[in-house]
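Written out below as structure tokens is the structure these notes cover.
The values are calculated or read from the model by the stated rules, or taken from the named source; none is laboratory data. Worth saying up front: this structure is predicted, and the values here are computed from it rather than measured. Neighbour counts run over all protein chains shown; Cβ positions are idealised from the backbone, glycine included.
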Amino acid sequence: MTTFRVCITAGVSALLIQACREPQPFPDDQRDQRLSGGANTVFDVSAESFGHPFPTLSGHDLKIHELGDTQFDQTFVAAPAPVNSGLGPIYNNVSCSSCHHNDGIGIPTAGDPQSALLIRLSLPGADAHGGPLPVPGYGNQLQDKAVLGKSPEGKVIISYTYQKYSFADGESFELRTPSYSLVNLYLPQGGMLISPRLAPPVFGLGLLEAVPEDEILSLATQGAQNGVNGRPNYVWNPVTQRTELGRFGWKASAASILEQVGLAYNQDMGITSEYFPTESCAGQSQFDNLSDDPELADSLLVAVKFYVQSLAVPARRNVNDPTVLRGETLFRQVGCASCHSETMITAVNVAFPAVSKQTIHPFTDLLLHDMGAGLADNRPDFQANGQEWRTAPLWGLGLFASVNYPPYYLHDGRARTLIEAIEWHGGEAAHAKGLFEQMSKSDREALLAFLMSL
Amino acid sequence: MVICRAGTVVLGLSLWFASGCTRTPPTAPTGSEVAPQEVLTDFAATVVNPNYQDLQVKSATLYAAVAQLDSVASDANLVIAQNAWRAARDPWEMAEGYLFGPIEDFNYDPSVDTWPLDRTELDSLLASANPLNVSDIDLLPYSLKGFHALEYLLFGSGNAAGLTSREKQYAASLAESMMNTFTALRNSWDPQGGNFTGQLVNAGTGSDTLRFHTRKAALLAIVGAMSGICSEVADEKMEDPLVHRDSTLSESSVSHNSTRDFRNNITGVSNAYLCHYQTNGRSLSEFVSVGNASLDARLRSLIAAALASFDNISGDYEQAIFTQQVQIHNTQAAIHSLKDALDNDLTIFIQTNVQN
């Protein structure tokens with residue numbers, strides 16, 4: 001009897017010890033390297049690979065995602081209209097998917113129906129919140145289309161100059177340097193700072209939004225140890241009316257998905273909503289004087305926000321291929337991973353379990369880095385200076401050509417191949433690029449094979 | 001004990017062997033009867049190219065009919081133009097069953113089939129003095145071009161006398177612009193032209209310039225497109241007018257061609273699976289039947305059931321959303337069943353049985 005009691009006591013103690021033990025991180029070498037989006041990874045290599053919902057969504061959430069999906073494709077038309085009313089009067093395109101085709105990166109042209117490149121504008125200086133100083137009569141973005149009877153703000157002319165280069169082993173490549181000019185401006189205006197921005201892919205954003213701010217800031221510290229100087233961009237969020245960490249956009253100038261989506265409706269399509277109730281051309285000669293604002297129902301704005309928030313990440317391919325593995329090692333060795341940080345862990349989120357505590361591999365630190373004069377737009381955007389850009393996530397990179405063909409890379413789509421994209425890196429990335437250029441052809445190909453596996 | 005143990009072992013071994021003998025070894029089908037490359041080659045040659053060619057020819061007929069209406073605005077010519085519009089719409093809606101490649105890359109789809117039509121802008125354009133030549137039409141936003149703008153003009157007036165001269169000119173330029181677009185679309189797949197056909201025929205042959213690095217990826221692109229149109233028909237085109245009880249949300253509400261549009265979309269799925277458009281080729285169905293005959297039979301049955309279910313929706317869809325909701329729900333359910341089988345069973349079959 002005594003012996004029996006002792007056994008029970010020992011067993012309970014063991015259980016208690018077990019219960020009190022801190023859970024340890026799952027060892028990296030036992031993770032499935034294909035799961036770039038954690039549990040929210042999908043296995044698809046087709047043109048639809050960026051357009052899947054999180055597999056972990058509840059039935060209710062899936063319905064909202066699907067509603068947002070439908071709305072994302074809706075074409076807006078001029079007011080008044082029974083369906084999708086409110087386009088413009090000045091705008092850049094007519095639907096979300098016109099620019100974010102297949103939820104991927106867009107086409108770097110301006111003014112055509114399928115164009116996905118727009119121009120941000122400002123004057124030197126800053127507004128009351130430290131953001132870009134709007135241009136009188138234009139605001140912060142050039143709308144290059146207008147409904148009939150109204151004037152577009154101007155037209156964007158894009159031209160390229162081409163230059164051949166070669167590696168030491170003779171392999172050649174070509175870089176095209178873009179030049180942007182604004183013509184047919186509806187109001188004379190000089191001294192404008194301009195920044196071209198290509199519509200980026202929109203998958204995985206809900207996971208990036210769920211990364212704790214502390215974790216992103218810690219990457220700034222780690223980067224400094226590796227000779228790079230990542231900086232957070234703190235931006236004004238018009239939705240929350242607070243200054244917050246910027247995460248989205250090529251310069252991390254948007255703090256939340258809701259802000260990004262609402263702003264895109266407002267500025268890109270001329271569609272007003274609860275958070276952006278004023279037409280983009282208010283105070284300008286193109287203003288429609290209609291009392292139809294907000295033009296987009298809150299439920300639809302939230303559904304589109306949720307659609308973007310819950311787009312899953314495509315899985316990596318060929319993760320055990322020896323060449324890919326060698327490329328992965330080289331990626332780290334030359335310092336790419338100093339900014340294109342491989343792994344993040346999202347915060348616990350009991351309100352939205354799908355994004356809670358996920359180990360993800362976005363290959364970004366979400367921080368600003370000086371990328372050199374070659375890529376500079378010379379237009380500050382909150383705390384980002386004219387040479388700084390946010391590290392672009394690399395997940396899904398190898399599927400760009402499957403989703404939208406031909407593929408384009410970088411903030412203005414100037415790069416047509418991954419080699420071109422690498423070769424445009426300068427500033428803090430110049431050292432890594434130099435090491436890439438010194439590689440043998442087989443090592444370069446291994447590094448590219450790794451990038452194509454993402 | 002020893003005997004007993006030995007007996008157990010012998011019995012166990014016997015059962016193991018018996019089990020092994022009664023089962024057919026789960027070998028992967030070789031697909032020797034129909035190779036994936038044959039499926040891809042014939043899909044391009046027998047389905048897509050003839051479909052686009054048919055579309056181009058019918059769009060030329062449509063242009064001729066609308067141009068004739070522009071010259072002689074009789075009710076008879078209006079009916080001819082309306083029928084030509086429906087005839088061109090058929091191959092277009094079927095082609096939506098395989099919406100990938102140039103039709104997406106070069107935005108041919110939105111340039112001819114954007115919905116909704118921007119009627120406010122269209123009325124402003126007609127009321128203006130803006131030129132309406134085909135070169136002017138080409139520069140218009142998608143929501144002022146294509147099938148639905150032409151539908152509004154051809155079916156919205158009631159009779160030929162109701163058409164203004166600017167409306168007729170606009171219609172003729174719209175039809176010409178569509179014909180030019182479909183000519184470009186046809187050429188984009190033509191082996192003598194843009195040769196997107198080559199992307200399928202040569203899929204998986206190792207060239208870096210190929211869209212599909214594997215035949216598996218090319219086949220999955222076809223299946224993904226088949227699934228995509230199922231979703232669009234059941235969950236958007238049919239669902240939106242039904243759930244909102246609003247016939248203006250129906251895709252071809254002016255011509256009342258919507259049900260025919262939906263059926264043609266699913267016919268496109270059938271064409272892709274059975275490799276059929278006017279003639280037959282080596283099909284995905286045949287490839288599947290080699291490895292999993294019951295899956296092939298089920299897919300064919302689901303396609304046939306989805307198509308047949310449209311027969312239960314009588315009259316215009318714009319009225320059916322008020323009077324035949326059960327029949328519409330049944331069709332949506334049939335399409336959902338088909339989509340589920342495509343997304344799960346067929347996709348897994350290809351992932352499992354196509355090597356590269």
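Just checking, does region B:179-188 include any residue being more than 12 Å from chain A (Cβ to nearest Cβ), outside any loop (DSSP other than H, G, I, E, B), farther than 28 Å from B:SER270 by Cβ and under 23 Å from the mean Cα position of the chain (by Cα)?
Scanning region B:179-188 turns up at least one residue that is more than 12 Å from chain A (Cβ to nearest Cβ), outside any loop (DSSP other than H, G, I, E, B), farther than 28 Å from B:SER270 by Cβ and under 23 Å from the mean Cα position of the chain (by Cα).
If a residue must be closer than 21 Å to B:THR259 by Cα and buried (at least 16 other Cβ atoms within 10 Å of the Cβ), how many such residues does region B:298-326 contain?
Counting residues in region B:298-326 that are closer than 21 Å to B:THR259 by Cα and buried (at least 16 other Cβ atoms within 10 Å of the Cβ) gives 14.
Tell me which of these B:ASN280 doesn't satisfy, since it passes every other one: (1) buried (at least 20 other Cβ atoms within 10 Å of the Cβ); (2) under 20 Å from the mean Cα position of the chain (by Cα).
The failed condition is (1).
Which one of the conditions (1) assigned to a loop (DSSP other than H, G, I, E, B); (2) charged (D, E, K, R); (3) farther than 30 Å from A:ILE64 by Cβ does A:ARG316 fail to meet, given that it meets all the rest?
Here A:ARG316 meets the rest and fails (3).
Only one residue in A:HIS60, A:HIS65, A:HIS101 is crowded, with 18+ Cβ neighbours inside 10 Å and at pLDDT below 95, so which one is that?
A:HIS101
Here are some residues: B:SER250, B:SER255. Which one is crowded, with 21+ Cβ neighbours inside 10 Å, polar (S, T, N, Q), under 22 Å from A:PHE76 (Cβ atoms) and over 16 Å from the mean Cα position of the chain (by Cα)?
B:SER250
Looking at B:GLU38, B:GLU33, B:GLU93, can you tell me which residue is away from chain A (no Cβ under 14 Å), farther than 29 Å from B:PRO141 by Cβ, assigned to a helix (DSSP H, G or I) and charged (D, E, K, R)?
Going through B:GLU38, B:GLU33, B:GLU93 in turn, the sole match is B:GLU38.
Would it be correct to say that A:ARG326 is in a loop (DSSP other than H, G, I, E, B), touching a residue at least 40 places away in the same chain (Cβ under 8 Å) and among the basic types (Lys, Arg)?
Here the answer is no, as A:ARG326 does not meet what is asked.
Give the residue that is farthest from A:ARG197 (Cα to Cα), with candidates limited to residues of region A:84-103 that are facing chain B (nearest Cβ under 10 Å) and in a loop (DSSP other than H, G, I, E, B).
A:ASN84
Taking the criterion of being among the hydroxyl-bearing types (Ser, Thr, Tyr), surrounded by 13 or more Cβ atoms within 10 Å (Cβ to Cβ) and more than 18 Å from B:ILE266 (Cβ to Cβ), would at least one residue in region B:341-350 satisfy it?
yes
Which pairs turn up if I take residues in region A:398-417 that are buried (at least 20 other Cβ atoms within 10 Å of the Cβ) and look for partners that are part of a loop (DSSP other than H, G, I, E, B) and polar (S, T, N, Q) with beta carbon separation below 6 Å, at least 6 apart in sequence or on another chain?
A:GLY398/A:SER453; A:LEU399/A:SER49
Go through (1) aliphatic (A, V, I, L, M); (2) assigned to a strand (DSSP E or B); (3) surrounded by fewer than 21 Cβ atoms within 10 Å (Cβ to Cβ) one by one and return the number of the condition A:VAL235 breaks.
(3)
What single numbered condition from (1) among the aliphatic types (A, V, I, L, M); (2) out of contact with any helix residue (DSSP H, G or I) (no Cβ under 9 Å at 6 or more places or on another chain); (3) within 14 Å of chain B (Cβ to nearest Cβ) fails to hold for A:ALA384?
With (1) among the aliphatic types (A, V, I, L, M); (2) out of contact with any helix residue (DSSP H, G or I) (no Cβ under 9 Å at 6 or more places or on another chain); (3) within 14 Å of chain B (Cβ to nearest Cβ) applied to A:ALA384, the lone miss is (3).
Of everything in region A:211-222, what is touching a Lys or Arg at 6+ places or on another chain (Cβ under 9 Å) and buried (at least 21 other Cβ atoms within 10 Å of the Cβ)? Give them in sequence order.
Once the filter is applied, which keeps residues that are touching a Lys or Arg at 6+ places or on another chain (Cβ under 9 Å) and buried (at least 21 other Cβ atoms within 10 Å of the Cβ), region A:211-222 yields A:VAL211, A:ILE216.
Of a type in the set (Asp, Glu), in contact (Cβ under 8 Å) with a residue 12 or more places away in the chain and either more than 14 Å from chain A (Cβ to nearest Cβ) or not in a helix (DSSP H, G or I) (or both) - does that describe any residue in region B:204-227?
no
Every residue, every condition in (1) within 8 Å of another protein chain (Cβ to nearest Cβ); (2) assigned to a loop (DSSP other than H, G, I, E, B); (3) charged (D, E, K, R), yes or no:
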| position | (1), (2), (3) |
| --- | --- |
| A:ARG34 | no, yes, yes |
| A:ALA39 | no, no, no |
| A:ASP44 | yes, yes, yes |
| A:PHE50 | no, yes, no |
| A:THR56 | no, yes, no |
| A:GLY68 | no, no, no |
| A:PRO82 | yes, yes, no |
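Restricting attention to region A:104-117, and to residues there that are aliphatic (A, V, I, L, M) and surrounded by fewer than 24 Cβ atoms within 10 Å (Cβ to Cβ), which single residue is nearest to the other protein chains (Cβ to nearest Cβ)?
A:ILE107
B:ALA88 - would you say it is modelled with pLDDT of 95 or more, buried (at least 20 other Cβ atoms within 10 Å of the Cβ), touching a Lys or Arg at 6+ places or on another chain (Cβ under 6 Å) and away from chain A (no Cβ under 12 Å)?
Yes.
What is the one condition in (1) part of a helix (DSSP H, G or I); (2) surrounded by 23 or more Cβ atoms within 10 Å (Cβ to Cβ); (3) at pLDDT below 95 that B:LEU140 does not satisfy?
It fails just one condition, (1).
Given the conditions (1) over 16 Å from B:ASN49 (Cα atoms); (2) free of Cβ contacts under 8 Å to residues at least 40 places away in the same chain; (3) assigned to a helix (DSSP H, G or I), which single one is not true for B:GLY198?
(1) is the only condition that B:GLY198 fails.
For the structure I just gave you, tell me whether B:PHE147 is surrounded by 20 or more Cβ atoms within 10 Å (Cβ to Cβ), facing chain A (nearest Cβ under 7 Å), out of contact with any Pro (no Cβ under 7 Å at 6 or more places or on another chain) and of a type in the set (Phe, Trp, Tyr).
no
Condition first: within 7 Å of another protein chain (Cβ to nearest Cβ) and more than 29 Å from the chain's Cα centre (by Cα). Now tell me which residues in region B:122-144 satisfy that.
Residues satisfying the conditions are B:SER124, B:LEU125, B:SER128.
Of the residues A:VAL202, A:VAL183, only one is over 23 Å from the mean Cα position of the chain (by Cα) and either over 30 Å from A:SER442 (Cα atoms) or crowded, with 22+ Cβ neighbours inside 10 Å (or both); which?
Result of the check over A:VAL202, A:VAL183: A:VAL183.
What single numbered condition from (1) farther than 22 Å from A:LEU394 by Cβ; (2) assigned to a strand (DSSP E or B); (3) aliphatic (A, V, I, L, M) fails to hold for A:LEU175?
For A:LEU175, the failing item is (1).
Could you please give the count of residues in region A:402-433 that are part of a helix (DSSP H, G or I), touching a Leu at 6+ places or on another chain (Cβ under 9 Å) and more than 14 Å from every other protein chain (Cβ to nearest Cβ)?
Selection size over region A:402-433: 5.
If you go through region A:376-383 one residue at a time, do you hit one that is assigned to a strand (DSSP E or B) and more than 30 Å from A:LEU35 (Cβ to Cβ)?
Checked region A:376-383: at least one residue is assigned to a strand (DSSP E or B) and more than 30 Å from A:LEU35 (Cβ to Cβ).
Out of (1) in contact (Cβ under 8 Å) with a residue 24 or more places away in the chain; (2) farther than 15 Å from B:HIS256 by Cα; (3) more than 9 Å from every other protein chain (Cβ to nearest Cβ); (4) surrounded by fewer than 20 Cβ atoms within 10 Å (Cβ to Cβ), the odd one out for B:PHE106 is which?
Result: B:PHE106 passes all but (3).
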